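Below is one structure, written out as C-alpha cells; the observations come after it.
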Amino acid sequence: MTASPHFAAAKHRDHWSIGGSFFPRVGELASTLIGLHFEAIRVSLCCVREVGHSTTRSKKMAYNLKDEEEVKEYLKNLHIEYQFGCYNEKNPEVCHLLGDFYEAIKLDTEKAASLYKTTCDQYNYARSCAKFGDFKVIGKGCEKDILTAYKYLSKSCELNDEYGCLHAGVLGTSKTDVGEKDRATQVHAGAKYLKKACDMYNSEKACFYLSGIYLGGLENFIEKNYKEAYKLSLKSCELGNPYACANLSQMHSRGEGVQKNPELAATFKQRATDLYEELTRAQQELKFHQGIDP
C-alpha cells in the first residue's frame, strides 16, 4: 500500500525526525479521517457547552456542574432548547448543535447522522454536510459509503467549510474511488480542496498534507515540486504544525527546494520539537479534562 501523502518524501528516513524520534506513518485512509473526525467532535463539544452556557445565563440561571443532579437538569434543559430551536424555529445552526448533542451526550449516532443529513439537505448548512460526510466515511450511525461521503464533503467545501475542504481533499487525493469520472479529475479536485482549506482557512493540516504531496509527487498526476512543498510547509509550520517544521529542517539540511542552511535547519528542528511537546501536553490535558479518546 502506498503511504499517505503526509509521508510521500519518506525515501529519506529522517524527513520526519524530531528529537531523535520518528513519527509513525499514517495508516489507512479511514484512520486518518477518524483522527480528523475526533477533532471536529471536540469543536462541537465546545459549541454545545458555549451555546448552552450563554442561554442559561440569559435566564439568570446558574448550575453547579460538579453536582450530578444539576448536570442532569442542565443537559435536560439544553436538549429542550435545541429541540425547540431546530424543530420550531427551524434554525439550522441549532439543528446542527442538536446533532452534536445526540452524538456527544446522548451517544445516539443514528439520530445524530439523521440530523446532520437533514440539516445539510434542507438548509445547506456546511458544517452538517461535513459531519454527515465524516459519518459516511466510517459508517458511524449510518451505512458506510465512500461515494456519498465524498459527495457531502465536497458540498460542504463548496459551502465554505474548513473541515469539509480538508476531508474532501484527503479523500480526493487518496487511492479510494470517490466517484469522479476518472482518476486525474479526482486527484486534481482533491488537491483543489486542500489548497482552498490551506489558503482560505489557514488549515495547518491541509497545508501540511498538500506539502507532502508536492514532496513526493502523486503517481502521474502531480509532479514533485520542492519549492511549492517548501512554501506550504513554511505556512503549516507557522500555523503550528510540528511535522511541517521538521520537513523544513530536513529541506534546509539537504538543500531540497531551498539553499542548504545548517543554522535554519537547526532552528526549524528546535521549533518542531517545541511544537510537538506542546501538542503532546495539550492532548494529554484534553483527554484528562474531557475524557475523549484521540
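The values are calculated or read from the model by the stated rules, or taken from the named source; none is laboratory data. On a predicted model such as this, the values are computed, not experimentally measured, just so you know. Here the Cβ positions follow ideal geometry from the backbone for every residue, glycine too, while neighbour counts run over all protein chains shown.
For the reader, a short list of remarks on this structure follows.
- Scope the stretch 179-191; condition crowded, with 17+ Cβ neighbours inside 10 Å and at pLDDT 95 or above; matching residues: Gln186, Val187, Ala189, Gly190, Ala191
- Looking only at the stretch 192-221, and only at residues there that are out of contact with any Ser or Thr (no Cβ under 8 Å at 6 or more places or on another chain), of a type outside the set (Gly, Ala, Ser) and not in a helix (DSSP H, G or I), the one that is surrounded by the fewest Cβ atoms within 10 Å (Cβ to Cβ): Asn220
- So Ala104, is it of a type in the set (A, V, I, L, M, F, W, C) and in contact with a Phe, Trp or Tyr (Cβ under 7 Å, 6 or more places away or on another chain): no
- Matching residues, the stretch 250-282, being in contact with a His (Cβ under 9 Å, 6 or more places away or on another chain), assigned to a helix (DSSP H, G or I) and not basic (Lys, Arg): Gln250, Met251, Pro262, Glu263, Leu264, Ala265, Ala266, Thr267, Phe268
- Selection of first residues in the stretch 268-293 that are closer than 25 Å to Cys245 by Cα and of second residues that are of a type in the set (S, T, N, Q) and at pLDDT 80 or above, restricted to Cβ pairs under 6 Å at least 6 apart or on distinct chains, gives the following pairs, ordered by first then second residue: Phe268/Ser249; Lys269/Ser249.
- Some residue of the stretch 127-148 being buried (at least 24 other Cβ atoms within 10 Å of the Cβ) and without any contact (Cβ under 8 Å) to a residue 24 or more places away in the chain: yes
- Residue ID - surrounded by the fewest Cβ atoms within 10 Å (Cβ to Cβ), chosen from residues in the stretch 75-107 that are more than 24 Å from Ser156 (Cα to Cα) and β-branched (Val, Ile, Thr): Ile80
- When restricted to residues that are hydrophobic (A, V, I, L, M, F, W, C), at pLDDT 95 or above and closer than 17 Å to Phe268 by Cβ, the stretch 208-228 contains 1.
- Residue tally, condition aliphatic (A, V, I, L, M) and modelled with pLDDT of 95 or more, over the stretch 81-105: 3
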